[in-house]
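Let me begin by presenting the structure, written as structure tokens, before commenting on it.
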Amino acid sequence: MKVGVFDSGIGGLTVLNRLINDYPNNEYIYFGDTFNLPYGTKSLDDLRNYADKIIEFLISEGAEIIVIACGTISSNLYEELREKFDIPIIDVLTPTVRYIKENNLDNVGIFATPMTIKSGAFDGVVGSSISCPLFVPLIESGKINSKECSDAVISYLNELGDCEYIILGCTHYPLLMDVISKYTNSKLIDMGQCVSKYINIKNNGKLNVVLHFSLLSDELLENVSNIIDVSYEINEKRL
Ligand code: DGL
């Protein structure tokens, strides 16, 4: 089965990794919109425009199911996209909410992008919600281990207050798992893990991974090679 996965940049690779790990016998086609990132501070019209073009591209490349590996697009446009396209579309939010409810998790907070928090999609499920606009630029520019990044983590954790669980409500944030864990004992919820647990995809082909990014750089190539440890083809593709 050919699975299309997309995000604004390398964040969705955390979801792709989970899928490859749990369903290794599939073809995966990934699109990271590095030319337009970050998505978390864009307007709804811009997000709609990006998502439409990417999904059309993934379908034209033979994707049979689409995974929106982006909290921002999932929380703002999932229902609309599902109605618009004639192909199964999975988001990262629905499985995460399902996981929280099924496991009766209590005292849950969330870190997410400004647009995800603004969407209110997690209201009622989480207590405290914090937007973390500094995280994605730090992650994409390879500054995960910088003091700047630790300072941002500490400050967002202080804002969030005491929570037993923290949803990493943006798919980039699992890349900060080690840094965040240094400063909190809260359990961190990775949305990619929730998606992979509930998704219904066949696992009966041969692993093949093709990655497309709308803007490639040496830094991006290095970041990708640190995240994905199976072999892959990587291309630049401007939509
Ligand atoms: N990784 C995406 C998300 O889950 C997009 C983050 C961004 O580009 O701001 O929200």
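Points to keep in mind about this one:
- Principal-axis analysis of the Cα atoms of the chain puts helix 13-22 at an angle of about 70° to the longest axis.
- Site pair Ser128 and Asp45 shows an inter-label distance of 3.7 nm when each label is modelled 7 Å from Cα along Cα→Cβ.
- Spacing of the two label points (7 Å from each Cα toward its C-beta) at Lys84 and Leu207, in nm: 3.3
- In degrees, nearest ten, helix 147-160 long axis to first principal axis of the chain (Cα): 70
- Considering only Ile180, Ile154, Ile166, the mean-square fluctuation computed in a Gaussian network model of the chain, springs between alpha carbons under 10 angstrom, is largest for Ile154.
- Compared with the dominant Cα axis of the chain, that is its longest principal axis, helix 44-60 is turned about 40°.
- Ranking of Arg98, Arg18 by count of other Cβ atoms within 10 Å, fewest first: Arg98, Arg18
- Distance between the range 204-225 and the range 122-180 - C-alpha centres, whole angstrom: 24
- Fully extended contour minus Cα-Cα distance, from Arg238 to Ser141, at 0.36 nm per residue: 32.9 nm
- Relative contact order of the range 109-152, defined on C-alpha pairs under 8 angstrom at six or more residues apart (%): 38
- Ascending count of other beta-carbon atoms within 10 Å, so fewest first, for Thr34, Thr116: Thr34, Thr116
- Ranked by how many other Cβ atoms sit within 10 Å of their own Cβ, fewest first, the residues Met115, Met177, Met191 fall in the order Met177, Met115, Met191.
- Building the convex hull from the alpha-carbon atoms of the range 1-112 and averaging its projection over directions returns 7.5 nm².
- Theoretical ellipticity at 222 nm over the chain - DSSP helices of four or more residues, -39500 (n - 2.57) apiece, nearest 500: -12500 deg cm²/dmol
- Shown is the FRET efficiency for Thr184 and Ser60, computed with R0 = 35 Å from the Cβ-Cβ distance and rounded to the nearest 0.05: 0.25.
- Considering only alpha-carbon pairs that sit under 8 angstrom and 6 or more positions apart, the relative contact order computed for the range 143-239 is 24 percent.
- Sequence-separation-based contact order of the chain, relative, with Cα cut under 8 Å and 6+ spacing, percent: 29
- Over 25 Å [Cα-Cα, the chain], rounded percent: 36
- FRET efficiency, Asn104 to Leu221 (Cβ-Cβ, R0 41 Å, nearest 0.05): 0.45
The numbers here are math on the coordinates, done by the rules we state, and not lab data. Here the structure is a predicted model, which means the values were calculated and not measured. Note that each Cβ is placed from the backbone with ideal geometry, even for glycine, and that neighbours are counted across all protein chains shown.
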